[in-house]
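Below is one structure, written out as structure tokens; the observations come after it.
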Amino acid sequence: MNNSDKIMLSCATCGQQFQFGRNVYDGKFILIYKLTVCRTCYSNNHDGWAPHYEQKILMHIKEQGISEPKRNEDGLLPRE
Ligand SMILES: [Zn+2]
């Protein structure tokens with residue numbers, strides 16, 4: 001298989017590149033934010049987005065005209 005067939009995306013939160021297409025999906029599309037994040041971020045933030053990612057997420061949803069979701073019990077943005 002040709003490497004150039006891979007579809008690479010960069011994670012919306014940590015900025016890491018990951019493969020997202022052609023059989024391998026190492027990330028997750030989060031519908032409420034319309035963001036694609038890598039698998040690591042997705043699994044590490046299951047209780048809500050860590051505060052140091054908030055700014056990126058909030059900026060993105062503002063650009064997209066998405067309203068900020070209700071925060072969870074810990075005061076964090078819900079993961080999805
Ligand atoms: Zn990431």
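Projecting each Cα onto the charge dipole of the chain (Lys/Arg +1, Asp/Glu -1 at the beta carbon, about the Cα centre), which of 51, 18, 37 comes out farthest on the positive side?
18
Can you give me the C-alpha center-to-center distance between segment 61-80 and segment 1-40, rounded to a whole angstrom?
21
Eight or more residues apart or on different chains, and alpha-carbon atoms under 18 Å: count the Lys pairs in segment 3-64 matching that. List each step's numbers first, then the result.
Details: 6/28; 28/56; 34/56; 34/62.
Step by step, the pairs that qualify in segment 3-64 add up to 4.
Suppose a student asked you for the relative contact order of the chain, using Cα pairs under 8 Å spaced at least 6 residues apart; what percent would you report?
It comes to 24 percent, rounded to a whole number.
If you fit an axis through the alpha-carbon atoms of helix 51-64 and take the longest principal axis of the Cα set of the chain, what angle between them do you get, 0 to 90°, nearest 10?
With rounding to tens, the tilt is 80 degrees.
Report the local net charge at residue 38: Lys and Arg +1, Asp and Glu -1, summed over other residues whose C-beta lies under 9 Å from its C-beta. Walk me through the numbers on the way to the answer.
On the way: positive: 28, 39; negative: 26.
Once all neighbours under 9 Å are counted, the net charge is +1.
All other residues with a Cβ under 9 Å from the Cβ of residue 18 taken together, and with Lys, Arg as +1 and Asp, Glu as -1, what is their net charge?
Details: positive: 39; negative: 26.
Its environment carries a net charge of 0.
Is there a quick way to get the dipole size of segment 3-64? I mean about its Cα centre, with the Cβ of Lys and Arg at +1 and of Asp and Glu at -1; what is the value in debye to the nearest 20? Mind dumping the intermediate values first?
On the way: 7 positive and 5 negative charges, 25 e Å.
For this selection, approximately 120 debye.
Bear in mind that the values in this text are calculations on the coordinates, not laboratory data. Remember, predicted model here, so these are calculated numbers, not experimental data. FYI the Cβ positions are ideal-geometry reconstructions off the backbone, even for glycines, and counts take in every protein chain you see.
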